[in-house]
Amino acid sequence: MSALAVLIALFSVVPLGYVVYMTMATGWDTAVELIFRPRVAELLLNTVLLMVFTVPLCLVLGVAGAWLVERTTLRGARAWAVLLAAPLAIPAFVNSYAWVSAIPSLGGLGSGVLIATLSYFPLVYIPAAAALSRLDPAIEQSAAALGLGAWRTFFRVVLPQLRIAMTGGALLVALHLLAEYGAFAMIRFDTFTTAIMVQYQSTFNGAAGNMLASVLVFFCLLLLLAEVRSRGTARYARIGPGAQAKALRLPLHVYQLPAQAFLLALTALAFGLPLFFVLRWVASGGTAAWAADEFLPALLTTLGYGLAGALATTVVAFPMAYLAVRHPGWFSKSLELSNYITSSLPGIVVGLAFVTVSIRVVPGIYQTAGVLVAAYVLLFLPRALVNLRAGLAQAPKELDEAARALGKPPLVSFIRVTLRLTAPAAAGGAALVFLAIANELTATLLLSPNGTRTLATEFWSKSSEIDYAGAAPYALLMILLSAPMTYLLFQQSKKVAGQ
């Protein structure tokens, strides 16, 4: 298992190796000239402003929604809990397509902030709600006994305990902002990712695009470092069993109606409006848009790549998860960290890395299905790894040892005990990978074999031609495929919280 885990870790650093190699191959003088130019400064300003406005807005909306659902007497809290997670079922580029349908003049920074905030605030809401639901109520009761009011208790006691959930959610939002291509290209807002794609399409792996990719990777690594440092060293776990009673919910009284109006407006803008315009364009296109020879090949291709990618990612993740659970230590943590760093890179960087490596090292595999599946494995490995690690932790090695003591061969005991107990977690991770692949756009555009048609690429092709009615069926199918992933994420967060 150790040898396999090391091979997987080496494979996962291919994108980082590509960035370092291309930077060195470009030459110091040329690299400096390409990086320190007005165009890069413009993209840098756009990216920084996008994150400066979007991340805090996502934090406010996510934490506020989680607090209303988990800690107040909000009516219909269980329904709101699901509705606030629902926007994740709509890919950001589909959200942008819907908003452009509603307001064709959308463009620029303000529009980018609007669409990104409505698309990504659930990435903060889900972990914040899970953290709030499992906080020890005794801490808040002690604060109240010391004379702190509801608001002072929230800001001085509750909010600090959400630090890890908030920083983790903020990191996810920021990484999505760096990686997103379709949503910003549709509203003509330039970011590093859109600029890299333009450079790639015009010069095919030119030095300017490679230097933009190196700056983008540097941004990602800075975000990872900032998130690690922002966690601090404080303890957030209790030693004893804590209070067994449920936390008291704050009465809303006269604020019940404003709270309902706030959540209604938020979910209507983030989920209702995109779904409405997708359905409207579906109705506008009529039955002609649902011709089987149009959408059926794209659906079957998406399902095929999703299943192949999910299976490959789960198989590849198993040695790493096994080593992390059964042989914890600095070695296994280092190998695991390499996968997380690579998966945090934007899909366009991973795609460019595989384009370069396949052309220069093994030309025969360029634009083959195997290369595309390999890119999916690197991009979505943590989704399977986290689930497998949790499943293996619930399959104690003592059971495997007991099976061997009863005369079962090691391989048989491993298959009948460990794999069997891990199967549900593996299935959950595979489902998350499958549905992520179904919505992946940039790496698929770069690496897919000629003539490949997936739901995401066909949607992008038709929407780029302003054929919004023709693109609508693909958008609707992606939403229907994404809905189970959103519900699975929501259920997993509740399971972690012990609900």
Name the residues in the stretch 348-369 that are crowded, with 23+ Cβ neighbours inside 10 Å and aliphatic (A, V, I, L, M), would you? ILE348, VAL349, VAL350, LEU352, ALA353
If you take just the helices (runs of 4 or more DSSP H) that sit entirely in the stretch 199-308, which of them hold at least 1 residues that are modelled with pLDDT under 80 and either basic (Lys, Arg) or over 27 Å from ILE359 (Cβ atoms) (or both)? 207-230
Going through the stretch 476-493 in order, the residues found to be open to solvent by less than 30 Å² (accessible area, probe 1.4 Å) and of a type outside the set (A, V, I, L, M, F, W, C) are SER482, THR486, SER493
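Residues checked against (1) surrounded by fewer than 23 Cβ atoms within 10 Å (Cβ to Cβ); (2) out of contact with any Pro (no Cβ under 7 Å at 6 or more places or on another chain); (3) free of Cβ contacts under 8 Å to residues at least 12 places away in the same chain; (4) more than 30 Å from HIS253 (Cβ to Cβ):
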| site | (1), (2), (3), (4) |
| --- | --- |
| ARG71 | yes, yes, no, no |
| VAL82 | yes, yes, no, no |
| LEU88 | no, no, no, yes |
| ILE103 | yes, yes, yes, yes |
| TYR120 | no, yes, no, yes |
Applying the selection to the stretch 475-499, what residues are modelled with pLDDT under 70 and small (Gly, Ala, Ser)? SER493, ALA497, GLY498
Output yes when any residue across the stretch 463-475 is under 25 Å from VAL371 (Cβ atoms) and surrounded by fewer than 19 Cβ atoms within 10 Å (Cβ to Cβ), and no when none is. yes
Tell me which of these VAL433 doesn't satisfy, since it passes every other one: (1) out of contact with any Leu (no Cβ under 8 Å at 6 or more places or on another chain); (2) open to solvent by 10 Å² or more (accessible area, probe 1.4 Å); (3) farther than 18 Å from LEU296 by Cα. (2)
If you go through LEU307, LEU279, LEU345, LEU337, the only one that is crowded, with 16+ Cβ neighbours inside 10 Å and either aliphatic (A, V, I, L, M) or in contact with a Lys or Arg (Cβ under 8 Å, 6 or more places away or on another chain) (or both) is LEU345
What number of residues within the stretch 4-44 are loosely packed, with under 15 Cβ neighbours inside 10 Å and outside any helix (DSSP H, G or I)? 3
Take GLY76 and decide whether it is at positive phi and of a type in the set (Gly, Ala, Ser). yes
Among (1) without any contact (Cβ under 8 Å) to a residue 40 or more places away in the chain; (2) surrounded by 22 or more Cβ atoms within 10 Å (Cβ to Cβ), GLY62 falls short only on (1)
Of the criteria (1) open to solvent by less than 30 Å² (accessible area, probe 1.4 Å); (2) of a type outside the set (Val, Ile, Thr); (3) modelled with pLDDT under 80, which one ARG389 fails: (1)
Checked against (1) closer than 27 Å to LEU216 by Cβ; (2) under 25 Å from the mean Cα position of the chain (by Cα); (3) in contact (Cβ under 8 Å) with a residue 60 or more places away in the chain, GLU42 satisfies every condition except (2)
Say whether the condition of being β-branched (Val, Ile, Thr), over 23 Å from ILE90 (Cβ atoms) and open to solvent by 70 Å² or more (accessible area, probe 1.4 Å) is met by at least one residue in the stretch 287-300. yes
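For every residue, the table says whether it meets (1) modelled with pLDDT of 75 or more; (2) over 26 Å from ARG453 (Cα atoms); (3) open to solvent by less than 10 Å² (accessible area, probe 1.4 Å).
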| position | (1), (2), (3) |
| --- | --- |
| LEU323 | yes, yes, yes |
| ARG326 | no, yes, no |
| VAL373 | yes, no, no |
| PRO396 | no, yes, no |
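The values are calculated or read from the model by the stated rules, or taken from the named source; none is laboratory data. The shown structure was predicted, so the numbers you read here are calculated from the model rather than taken from an experiment. All Cβ positions, glycine included, derive from the backbone under ideal geometry; neighbour counts span all protein chains shown. Heavy atoms of the whole protein, side chains included, go into the accessibility calculation; ligands, DNA and RNA do not. Shrake-Rupley method; radii C 1.70, N 1.55, O 1.52, S 1.80 Å.
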